[in-house]
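We did not get these values from a lab; they are worked out from the coordinates using the rules stated. Just so you know, these numbers come straight off a predicted model, no measurement behind them. So basically every Cβ, Gly included, is an ideal-geometry build from the backbone, and we count neighbours across all protein chains shown.
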Amino acid sequence: MKTIKSKNLKEIITALKQGAVLVLPTDTVYGLVCDATNKKAVEKIFKIKKRSKAKSLPVFIKDLNMAKKYSVISKEQERTIKEKWPGAFTFIVKGKKGLSPLVYKKDTIALRQPNCKLVLDMVKLLGKPLAQTSANNSDSPATTKIKEVKKYFENSKTYPDIILDFGNLQKSKSSTIIDITNNKINVLRK
C-alpha cells in the first residue's frame, strides 16, 4: 500500500489504467475507486471492503453526457439530476452495458457527479467512470479522517494499492441515494 500526498494526476491515471484500487478524498468522505471498466479492479474493491456481491457499486461520472453513455435517462429524470449535480447525490437509473457487471444491479446503475475537482479531473483524464464506494469495511462507518481509513486496511489481506492522503476532510456524510428508475423520487439513503 503506497501513500501519496500530492495531486500527481499522471501517476494516478497510470495506476488506474493498470488496474489499481485507490483511496481518495471526495466531496463527502474518503472513497475507494477504480476504473469501472476493469472487472478485476472492481472485484478487488469487493474483497477490500468485504462487501457482498449482491450489492452493486456506484460510479463517478464527469457529467450528464457520460452518464447517458452508460444509462437511459428520460427528460424528466434529467431535470431532477440537473437540480442536484454536481454534488452529494447518487441517482439510480436504468443502465446500459459497458462497465464491469458488478456496477449494475439487475438492469440499474447508480451514478454520481461529485462536486470534487480532483475526482472530476481523474474521470476526465481516464475517460471512463470510476467504480466507487466509501473507504471502509462494509461493517464500519464511512469516514473523513485519514488515520481511520489507514487503520481499516492495515491488517487486511487485500488492501488498496494507493492511498491519496490529503489529511482529514471536512465533517460530512455519504451521498444521498435516490432511485428515479420509475420517474418517481424514492430516497433510499439520506
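Computed quantities for the displayed model
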| item | result |
| --- | --- |
| FRET efficiency for N186 and K17, using Cβ-Cβ distance with R0 set to 30 Å, rounded to 0.05 | 0.25 |
| Ranked list, fewest to most other Cβ atoms within 10 Å of each Cβ, for V187, V21 | V187, V21 |
| Label-to-label distance, nm, for residues given as K7 and K75 (7 Å Cα→Cβ offset) | 3.8 |
| Zone residues, the range 147-180, relative to K84, backbone N less than 17 Å from point 7 Å out along Cα-to-Cβ | 173-180 |
| Theoretical ellipticity at 222 nm over the chain - DSSP helices of four or more residues, -39500 (n - 2.57) apiece, nearest 500 | -8000 deg cm²/dmol |
| Listed residues N115, Q170, A54: farthest to the positive end of the dipole of the chain (Cβ charges) | A54 |
| Sorted by Cβ density within 10 Å, fewest first, the residues M66, M1, M122 | M1, M66, M122 |
| Relative contact order (%) - the chain, alpha-carbon pairs under 8 angstrom, separation at least six | 34 |
| Spacing of the two label points (7 Å from each Cα toward its C-beta) at K105 and N65, in nm | 3.0 |
| Counting DSSP beta bridges with both ends in the chain, the antiparallel % (nearest 5) | 65 |
| Net length gained if the chain between K96 and K50 were fully extended (0.36 nm per residue, minus Cα distance) | 13.9 nm |
| Volume per residue that the Cα convex hull of the chain spans, once the total is divided by residue count, Å³ | 105 |
| Net dipole in debye of the range 35-136 [+1 Lys, Arg Cβ; -1 Asp, Glu Cβ; about Cα centre; nearest 20] | 400 |
| Distance violations [Cα-Cα > 21 Å] among K55/K190; K106/K150; K124/K173 | K106/K150; K124/K173 |
| Sorted by Cβ density within 10 Å, fewest first, the residues I4, I92 | I4, I92 |
